[in-house]
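Following: one structure in structure tokens, then a few remarks.
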Amino acid sequence: MKDVSPEHLADLLARTALRDHAAFAKLYEATRAKLFAVSLRIVGERPLAEEVLQDTFVNIWNHARDYAPSKSAPLTWMFAIARNRSLDIVRRTRELPDIDDALAGNLVGDEPEALDEMARRSDAHKLHQCLDELEADQRQAIGLAFFHGLSHSELAEHLRRPLGTVKTHVRRGLNRLRDCLARRGAGESLGS
Amino acid sequence: MKRPTGDLAQALAAEYVLGTLRGRARQRFETWIGEDSALARVVAAWEAGLMPMAERLPGVEPPARVWKAIEARIGRRSDESVWSNAALWRAWAAIASGVAVVLLAFFTWLSQGPRGEPLFVAVLSSTQAVPYGVVSMHSPDILRIRMVRPVGDSPDRELELWVIPKEGAPRSLGVMPNERGDTIIHITSSDPRVRGAVSLAVSLEPPGGSPTKRPTGPMVLSGPIAPVRRG
């Protein structure tokens, strides 16, 4: 993956909105592996994840002109499309996917030590710090739901906890994230 | 159920973005997002908050057949058959003859404008190919944008005109009101902003134009630049 700066991706999206086929191809090139990884975790099987990736990019082609850089970062906008499509398509009666507990647990894993000023102010860094403030149970439930698209009942099954407990972990964890992100100035609309 | 506000809106938006809001509740919530811009902003804020988690995932290369399938699907939109050179050329011929008709009308109309043939013209159309205006470059330094109708119903937005170069980021030529009428921008044809230009585009921006020197609103109009004479 070469240049995936938000500015570059926003430029490619603007050109895609103008029906620039070459720009769309570059956009796919720059983001396919990330979007495929996100879908694959949620839907659990490659053929289904390939379908999601196809739908995601057809959707991006059709709706690129609705993308407004003032409202969201390009990758955020694209991730949201891929995740929504994955959650739509994921089988209701599926077996629980192979769950990577390490990934959810490592959400607060080490960050590179020498962060420059830009990185320190980035949304990723703020989120990382805020996840660090959660209790372990809350962080685990949120990580599993986010990466594997687990529903409340799937979370309860996987974690072997009562449904009500799991729902509480998710709700309280999200509340604390909201307070923390708002405090750090990530997202004005998270204030009450 | 009524549309949620306040803390309930926050809680539902968070679970929607996280993915734990499922089934009918998810669908209903999606409908509300479409109807309620305040709720849409809350969802966007949660997306901005949580999506950076996804950036931590190591990438996985998809097989090449996915891109082929995407190309086939977006190609079919402009033609019944699979995307092919023949289809491409038919589409191009149709567009080119459409442009020729517009240009002819334009030249007749031009006699009321600045004197002499323009250096280049561009017809600004929506993605549905509806023309909204014509841009023409006149020597020595007059770029005229003639809008024939406003874009959408965005009275609080201005239009910002961008040069799309062959490579690199769009370059702003300035803002103009979103209404019928002429705007004149003084710029010479040797200005670096128009170097390598292949098309012009228009985005919707807050009054005064993009605060970031790049388009921040949706690109609503565009048109390829057609050179008319050598400058």
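Read-outs: derived from the displayed coordinates by stated rules, not from any lab. These figures come from a predicted structure and were not determined experimentally. Cβ sites come from the backbone with ideal geometry, for glycine too, and all protein chains shown count toward neighbours.
Of the peptides A:147-154, A:130-137, how do they stack up when ordered by the mean number of other Cβ atoms within 10 Å, highest first?
Working: A:147-154: 21.2, A:130-137: 16.2.
Answer by packing, highest mean first, reads A:147-154, A:130-137.
Quick check on packing: order B:189-195, B:205-211 by the mean number of other C-beta atoms within 10 Å, highest mean leading.
Numbers: B:189-195: 13.4, B:205-211: 15.1.
Highest mean packing first, the order is B:205-211, B:189-195.
On a 27 Å Cα-Cα criterion, which of the cross-link pairs A:Lys167/B:Lys2; B:Lys68/B:Lys166; A:Lys26/B:Lys213; A:Lys34/A:Lys167; A:Lys71/B:Lys68 come out too long? Before the final figure, lay out each step's value.
Values: A:Lys167/B:Lys2 22 Å; B:Lys68/B:Lys166 25 Å; A:Lys26/B:Lys213 23 Å; A:Lys34/A:Lys167 29 Å; A:Lys71/B:Lys68 31 Å.
Listed pairs above 27 Å: A:Lys34/A:Lys167; A:Lys71/B:Lys68.
Got a sec? Charge dipole of the range B:1-70, +1 on Cβ for Lys and Arg, -1 for Asp and Glu; which of B:Ala54, B:Ala9, B:Leu21 is way out at the positive end?
Going by the charge dipole, the pick is B:Leu21.
Averaged over A:9-19, how many beta carbons belonging to a partner chain fall within 10 Å of each residue's beta carbon? Show your work: numbers first, answer last.
Values: counts 0, 6, 6, 0, 2, 11, 6, 1, 8, 10, 4.
Mean partner-chain Cβ count within 10 Å for A:9-19: 5.
Please get the size of the charge dipole for the range B:165-225, origin at its Cα centre, with Cβ charges of +1 on Lys and Arg and -1 on Asp and Glu, quoted in debye to the nearest 20. Write down the numbers at each step before the final one.
Working: 7 positive and 5 negative charges, 45 e Å.
Here the size comes out at about 220 debye.
In nm, to one decimal, how far is the A:Glu45 label point from the B:Val148 one, both placed 7 Å along Cα→Cβ?
The answer from the label model is 5.4 nm.
Picking from B:Asn178, B:Val202, B:Pro192, whose Cα lies most toward the positive end of the charge dipole for the range B:158-210 (charges on Cβ: Lys, Arg +1; Asp, Glu -1)?
Working it through, the farthest residue towards the positive pole turns out to be B:Pro192.
For peptide A:126-134, how many partner chain Cβ atoms fall within 10 Å of a residue's Cβ, on average?
Details: counts 3, 8, 3, 0, 1, 3, 0, 0, 0.
Mean shielding by partner chains, rounded to a whole number: 2.
Pop a pseudo-label 7 angstrom from the Cα along the beta-carbon direction at both B:Asp191 and B:Glu55 and give the gap in nm to one decimal.
3.5 nm
Per-residue mean of other chain beta-carbon atoms within 10 angstrom of the beta-carbon, peptide A:70-78?
Working: counts 10, 9, 6, 4, 0, 4, 9, 4, 2.
Partner Cβ neighbours, averaged per residue: 5.
If you plug each phi of the range A:31-48 into the Karplus form 6.51 cos²θ - 1.76 cosθ + 1.60 with θ = phi - 60°, what whole-Hz ³J(HN,Hα) values come out, in order, with x for Gly and Pro?
10, 4, 5, 5, 5, 5, 4, 4, 5, 4, 4, 7, 7, x, 10, 4, x, 5
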